[in-house]
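*Asks:* Following this message is one structure expressed as structure tokens.
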Amino acid sequence: HEARRRKVGEMMYETLGIPREDRAARIAWFANNFRFFDAPVATFIVIDERMGHGQWGHTGMYLQTLALLAEERGWGTCMQECWGMLRPALKDHFKLADTEMVWCAMAVGKPDPSHPVNTLRAERAPLEEIAELHGF
């Protein structure tokens, strides 16, 4: 999983024309996350820290549902885990309860199909590499 995740990142920077050695340009691009890539809607997903892994999975399914509903309406989404780096500051900023935390965020807006990053299509691992199907 980690190798594929890193490969997608490298593909993205290559698509954007940002070489590996240009750390400043990579940081500048990453900083766009914190402006929600100029999307008109920014959502923060807040969960109870006491939730177990099953509930975290449900939260992920909820995010996917929001993304699919947005797509159905011609909008785009960008799920952003980067906000996890700022959890303590966000807890204070949003005045969350002791047991609440920002889990992630999602940008929602009209995608620009001409932007190079929106042409990126990540390579997918073969199904048999990521899943075992029994009884099918």
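*Asks:* Using only the Cα atoms of the stretch 39-111, construct the convex hull and provide its projected area averaged over every direction, in square nanometres to one decimal.
*Replies:* Values: hull surface 19.9 nm².
Approximately 5.0 nm², given one-decimal rounding.
*Asks:* Would you mind working out the magnitude of the charge dipole of the chain relative to its Cα centre, with +1 at each Lys and Arg C-beta and -1 at each Asp and Glu C-beta, to the nearest 20 Debye?
*Replies:* Here the chain has a charge dipole of around 280 debye.
*Asks:* Hey, another quick one. Taking only protein heavy atoms and a 1.4 Å probe, what accessible area per residue, in Å², does the chain have with all protein chains in place? Let's see the in-between values first.
*Replies:* Numbers: 9980 Å² over 136 residues.
Roughly 73 Å² per residue, with all protein chains present.
*Asks:* Over the chain, with every protein chain in place, what whole percent of the accessible area is carbon and sulfur at 1.4 Å, could you tell me?
*Replies:* After summing per-atom areas, the C and S share lands at 57 percent.
*Asks:* Using unit Cβ charges (K, R positive; D, E negative) and no other charged atoms, how large, in debye to the nearest 20, is the dipole of the stretch 1-77 about its Cα centre?
*Replies:* 180
*Asks:* Which residues does the label zone of E81 cover in the stretch 20-54, counting backbone N under 17 Å from a point 7 Å along Cα→Cβ?
*Replies:* The answer is 30-31, 33-34, 45-47, 53-54, whose backbone nitrogens lie closer than 17 Å to the label point.
*Asks:* Moving on to the next point. List the longest stretch of the chain that has no exposed loop site; here a site is one of the GluC sites (Glu not before Pro) assigned by DSSP to anything other than H, G, I, E or B, with at most 15 other Cβ within 10 Å.
*Replies:* In the chain, the maximal stretch lacking such sites is 82-122.
The values are calculated or read from the model by the stated rules, or taken from the named source; none is laboratory data. The structure displayed is predicted, hence computed values, not measured ones. Note that each Cβ is placed from the backbone with ideal geometry, even for glycine, and that neighbours are counted across all protein chains shown. We work out accessible area using only protein heavy atoms, side chains counted, and drop any ligands, DNA or RNA first. Shrake-Rupley method; radii C 1.70, N 1.55, O 1.52, S 1.80 Å.
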